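Quick notes on the structure that follows.
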């Protein structure tokens, strides 16, 4: 009886241990399954965030790819830059090209300040046109590229001048001159005699003239920095190309003079080479004649007394 009870106790203990082990394994499996479920969710969340980041980078790349090719990215922040450009283009039809220039200038909020067209009656291929454009600095380079696409580009120059120091200095002088004029006007209101009034008015007129000059300089600097200038030359298929800046100046004149000098020397040598056979023939005939007639001439001379 005691053996049976002991056996039953052992079996109950084994069953309890098995139940505990199965419970622990179930808890472990549940925790692992929940961890597995959470891991993909976290991965999905990370993937979503990465996807958003990738989407942003791709959007940035798309923005860069679709961004217009302008000088905006090259514009220094807080600087006053004066942009100037010149371009010569040979086109099939000058009138049509001039209309296109006006259209693309208006498309970038620019303006055509001057236009001069030279038409040849009966031969439009020799026509030409010169135009002065003012465009925003951000559209300076892109406008030059569009102008070059109108035909065959013959020449192109572009410059960028930093006038920030000049602008700051001129504005500072303008502010100082404005205060000076205000002080002189205050003195004029306090003048008591005619002599004082005349003297102060003369000084006031001088300072006001200086003030107007500074105001004109500031306005000029503002105009050239807010709008870039482009000189456009359009020439027909048979028209002569306009002179470039390299064809002007002292060095250009020196090169032209040297070329002319070389041409004159070549022409002189050519003429000398053409006359040389005749000169040699004349010399061959003249020397024997001189030798023959010289003794007879000497014989006819009477002896000295």
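The values are calculated or read from the model by the stated rules, or taken from the named source; none is laboratory data. This is a predicted model, so every value here is computed, not measured. No Cβ is skipped: glycine too gets one built from the backbone with ideal geometry, and neighbour counts run over all protein chains shown.
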Options 88, 125, 114: the member that is at pLDDT below 90 and touching a strand residue (DSSP E or B) at 6+ places or on another chain (Cβ under 6 Å): 114
Just one of 303, 288, 277, 295 is loosely packed, with under 11 Cβ neighbours inside 10 Å and at pLDDT 85 or above; which is it? 277
Output the residues belonging to segment 111-138 that are out of contact with any helix residue (DSSP H, G or I) (no Cβ under 7 Å at 6 or more places or on another chain), touching a residue at least 60 places away in the same chain (Cβ under 8 Å) and part of a strand (DSSP E or B). 130, 132, 134
Look at residue 200 and say whether it is closer than 30 Å to residue 101 by Cβ and modelled with pLDDT of 85 or more. no
Which members of segment 139-169 meet the condition of being under 27 Å from residue 79 (Cα atoms) and either assigned to a strand (DSSP E or B) or modelled with pLDDT under 90 (or both)? 156, 157, 158, 159, 160, 161, 162
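Please enumerate the residues belonging to segment 163-210 that are out of contact with any strand residue (DSSP E or B) (no Cβ under 6 Å at 6 or more places or on another chain) and closer than 30 Å to residue 143 by Cα.
Those that are out of contact with any strand residue (DSSP E or B) (no Cβ under 6 Å at 6 or more places or on another chain) and closer than 30 Å to residue 143 by Cα: 164, 165, 166, 167, 168.
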